[in-house]
Number of protein chains: 2
Amino acid sequence: MSTTSMKDVARAAGVSVGTVSNVLNRPEAVAEDTRARVQAAIAELGYVRNDSARQLRAGRSRNVAIVVLDVANPFFTDVVRGAEPLVDSAGGVVTVCDSGEDLAREQRHLEILEEQRVLGLLITPVDESSAERLARLTAHDIPVILVDRGAGRYPHCSVAVDDVHGGRLAARHLVELGHTSIAFFGGPPTIPQVADRLAGCREVCEEAGVRLDTYASASLNAEGGRASVDQMLALSDAPTAIFCANDLLALGALQGLTMRGVKVPEECAIVGYDDIDFAAAAAVPLSSIRQPRAQLGRTAAQLLFDEVAEGSGHTHRNVVFQPELVARASTVADL
Amino acid sequence: MSTTSMKDVARAAGVSVGTVSNVLNRPEAVAEDTRARVQAAIAELGYVRNDSARQLRAGRSRNVAIVVLDVANPFFTDVVRGAEPLVDSAGGVVTVCDSGEDLAREQRHLEILEEQRVLGLLITPVDESSAERLARLTAHDIPVILVDRGAGRYPHCSVAVDDVHGGRLAARHLVELGHTSIAFFGGPPTIPQVADRLAGCREVCEEAGVRLDTYASASLNAEGGRASVDQMLALSDAPTAIFCANDLLALGALQGLTMRGVKVPEECAIVGYDDIDFAAAAAVPLSSIRQPRAQLGRTAAQLLFDEVAEGSGHTHRNVVFQPELVARASTVADL
DNA sequence: GACCCCTCATGAAACGATTCAATAATGCCG
DNA sequence: CGGCATTATTGAATCGTTTCATGAGGGGTC
């Protein structure tokens, strides 16, 4: 079944290809009956527009790419969901690319996306290494919006969440509940998010004269949370509250405490970060710091379309959202 | 910055466009020094291939689309991750489209994907309504692979998991542990997966002479699990074990039981379904039925490429995988 | 009836790559 | 040195749209 083209439709309807094109793109410029005839031909032949040809002419695609560190991470999937409606209504499709935190894969994806002349892309880069290539994309008129990275330090628009403030919120909550000794569960301190959250937490602790112990596990998952709990409980005067750099650590911590018979929150309180769906679904619902994830995606997409619309007269914007505390049973018993 | 084309490169290198094309596609057919000259020109001008033009000529894209019911569902993200490497190594990109279980969005996506002449697509359709359109895609030489749906009932290849068997595994496990009364937590029975899992469970229970109560909550999430626990505990002779149609229900059930002080697994055992990452991370690690999700994606992608390669001589294949039981602390205390 | 204005439809020229038959250049053999 | 492969390069045709200058036909006005 060789593809039917506009030429076939034109022949069947007894008009020129120009007219068929008009029916598709500016139907109001075509006389009533001609339009009907063409549409009938389209339906009968099962004609489907060839987007490659369209794009070739237009010079760019209407697809938006989003390059994430991990498709399975709820943070990113929510960002994707936030961005999708806007792209949809612009007649495009969202291409989700998973870099898997692997620089080589990220680069390959960027290469291909550039070849595809995507309308623009939202990206959380693995690290700084891609800065140059991203700059080149922008130079080639492909807007790049940074998600949760490098706000203001690069020649791109960006959306981010104030992680330092998130750290403050968590610490303040625990301090207000009367805790005088807090543990921070984090991962490799090279991760900026983790460092920021800790910074905000430390700020509040110092101000309140509260003791702060930090634990760094190999990775930010449940296993890491369990391991840190083991370490922590080995102390004779273990802290009475834990602030985890993300919810996975928090779930692991909850598991570790449960296995040892430590009651949450009576004997040890937990605050997570991200407020993923599973935080509320945990055996003891987890208090957590919520980031406006969908809004992050929506805003990123909006910035992208703005940049496309404004063209060369565009000025980069860096939008920072504030996170909020969601208190649940893991810190407050009677909830 | 107007885009630089092969023509510009050709001019800069003092060769014809045909030669530039050769350097890109069959470098071995070009003399050493010419190739070097062309490559230098490419680098200097920052030339990037225009994929639209390439596609137009080739007649089809190298991108593979995967249309899922929910990007945030770990089941689908794992399927995506399974499929990605294959697509990658074929030089394509995976376009992830989220239908959000909304038929209209699904149709819109299919429309666009057909216009983009994607290499093929993996899809879990919302319902049967799209059957016709999918058939048309196949007729237009775009292979469609059904994921976890309609095995054998449609003119497409498919991959699926044997849910009836999964139900059997869960029930058998509980029966072997000595339970004589089991609760099945499910959702709307119109969902085929739920019906199959129940069917397998029922089969084993009847055979073993074990009592089986079924609870159907409004939706398959934690909230539903909590609600069903409430209903179940209202009974004077509540079952001592619960088999949940998915892990979200199971997490909700665990939460409900924990809030009421019912000990898991001593007083009530729980088996979930899907073995999502959070199952192992729960306060009491959840026993669950694991589906080979990544393999599902990998196989689906493989079937797609096979179909592309075989062309018209292709025969559809329906691959069914067997799930397996993962026993954890929610059924076996000393684990 | 000459003139002008509208509304529609036309056809050809892009867009940027790939492909392939044709040609040019080179080397080799007898 | 003529003839024949072999190897490198070329140039033009092609893919399917969109766009736009051009023109045909039909009223309406003076």
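With respect to chain A, whose longest principal axis is taken over its alpha-carbon atoms, helix A:192-208 is tilted by about 40°. Which log10 I(q)/I(0) values does region B:6-49 give at q = 0.14 Å⁻¹ under the Debye formula, counting every alpha carbon as one identical point scatterer? Taken in order of the listed q values, log10 I(q)/I(0) reads -0.23. Net length available on complete extension from A:Gln322 to A:Ser219 is 34.5 nm, with 0.36 nm assigned per residue and the Cα-Cα distance removed.
GNM remark for chain A: springs join alpha carbons under 10 Å apart, and the peak mean-square fluctuation among A:Val271, A:Val210, A:Val87 falls on A:Val210. An oblate overall shape is assigned to the protein assembly as shown, the ratio a/c of its alpha-carbon gyration tensor axes (a ≥ b ≥ c) being 1.5 or greater and a/b not exceeding b/c. As I understand it, the value is the acute angle between the Cα axis of helix A:74-89 and the longest principal axis of the Cα atoms of chain A; what does it come to in degrees, rounded to 10? Its long axis makes an angle of about 30 degrees. Across chain B, the longest piece that holds none of the GluC sites (Glu not before Pro) lying in DSSP loops with up to 12 other C-beta atoms within 10 Å covers B:1-265. Counting every C-alpha pair in region A:180-229, the share spaced more than 15 angstrom apart comes to 45%.
Peptide B:108-114 is shielded by partner chain Cβ atoms: per residue, an average of 3 of them sit within 10 Å of its Cβ.
In a Debye calculation with equal point scatterers on the alpha-carbon sites of region A:1-149 and no solvent, what is log10 I(q)/I(0) at q = 0.18, 0.21 Å⁻¹? Those come out to -0.97, -1.19, one per q.
Please report the antiparallel percentage of DSSP beta bridges with both residues in the protein assembly as shown, rounded to the nearest 5. Can you show the working numbers first?
On the way: 6 of 78 bridges.
Of all bridge pairs located within the protein assembly as shown, approximately 10 percent are antiparallel.
Modelled spin-label separation between A:Arg26 and A:Met259, with each label point placed 7 Å from Cα along the Cα-to-Cβ direction: 6.9 nm.
Give me the net charge of B:Arg11's neighbourhood, meaning all other residues with Cβ under 14 Å from the Cβ of B:Arg11; Lys, Arg count +1, Asp, Glu -1. Numbers along the way, then the final one.
Details: positive: B:Lys7, B:Arg37; negative: B:Asp8, B:Glu44.
Counting the neighbours of B:Arg11, the net charge comes to 0.
Go ahead and run the numbers for FRET between A:Ala208 and A:Glu101, Cβ-Cβ distance against an R0 of 35 Å, rounding to 0.05. Walk me through the numbers on the way to the answer.
Working: r = 36 Å, r/R0 = 1.02.
That gives a FRET efficiency of 0.45.
Taking N as the residue count of region B:242-331, its C-alpha radius of gyration divided by 2.2 N^0.38 Å amounts to 1.51. Between the amide H of B:Gly120 and those of B:Ala65, distances stay under 5 Å, these residues lying 5 or more places away or on another chain, with hydrogens modeled in the peptide plane.
Between B:Ser181, B:Ser89, B:Ser228, the residue with the greatest mean-square fluctuation in the GNM of chain B (Cα pairs under 10 Å linked by springs) is B:Ser89.
If you roll a 1.4 Å probe over region B:163-291 with all protein chains in place, what percent of the accessible area is carbon or sulfur? Mind dumping the intermediate values first?
Working: 2470 of 4800 Å².
Carbon and sulfur atoms account for 51 percent of the accessible area of region B:163-291.
Could you tell me the center-to-center distance, by alpha carbons, between region B:296-329 and region A:63-92 in angstrom? Cα centroid to Cα centroid, the span is 27 Å.
Rounded to two decimals, the Cα-based Rg/Rh of region B:163-291, with Kirkwood Rh, is 0.92. Pick from A:Thr190, A:Thr299, A:Thr240 the residue whose mean-square fluctuation is largest in a GNM of chain A, springs joining Cα atoms under 10 Å. Comparing A:Thr190, A:Thr299, A:Thr240 in the GNM, the peak value goes to A:Thr190.
Pairing chain B with chain A buries about 4900 Å² of accessible area. This figure sums both sides and uses a 1.4 Å probe. If you take every DSSP beta bridge whose two residues both sit in region A:163-291, what share of them, in percent to the nearest 5, is antiparallel? Given both bridge residues lie in region A:163-291, the antiparallel proportion sits at roughly 0 percent. Candidate cross-link partners of B:Lys263 among the lysines, defined by an alpha-carbon separation under 26 Å and a same-chain spacing of 8 or more, comprise A:Lys263. Over chain B, what relative contact order in percent results from Cα pairs under 8 Å that are six or more residues apart? With pairs under 8 Å counted, the relative contact order is 16 percent.
Report, as an integer, the average count of C-beta atoms from other chains found within 10 Å of each Cβ along B:174-187.
Mean number of neighbouring Cβ atoms from other chains: 0.
For region A:139-177, the list of trypsin sites (Lys or Arg not before Pro) that fall in a loop by DSSP and count at most 15 other C-beta atoms within 10 angstrom reads A:Arg153.
Over region B:126-165, what is the mean sequence separation of C-alpha contacts under 8 Å (at least six apart), divided by residue count, expressed as relative contact order in percent?
On the way: 34 pairs, mean separation 11.2, N = 40.
Here the relative contact order equals 28 percent.
For region A:6-49, relative contact order (Cα pairs under 8 Å, six or more residues apart, normalised by length) works out to 42 percent. For the pair B:Arg108 and A:Ile191, a Förster radius of 41 Å applied to the C-beta separation gives a FRET efficiency near 0.60, rounded to the nearest 0.05.
Taking Lys and Arg as +1 and Asp and Glu as -1, the other residues whose beta-carbon sits under 12 Å from that of B:Thr240 total -2.
Convex hull volume of the Cα atoms of chain B, normalised per residue: 175 Å³.
Of all DSSP beta bridges located in chain B, what percent are antiparallel, nearest 5?
Numbers: 3 of 39 bridges.
Here the antiparallel bridges make up roughly 10 percent for chain B.
Between the C-alpha center of region A:257-282 and that of region B:172-237 there is a gap of 28 Å.
The values are calculated or read from the model by the stated rules, or taken from the named source; none is laboratory data. Owing to the predicted nature of the structure, the values given are computational and were not obtained by experimental measurement. Please note: Cβ atoms are built from the backbone with ideal geometry, for glycine as well, and neighbour counts cover all protein chains shown. Surface areas here come from the heavy atoms of the whole protein model, side chains and all, with no ligands, DNA or RNA. Shrake-Rupley method; radii C 1.70, N 1.55, O 1.52, S 1.80 Å.
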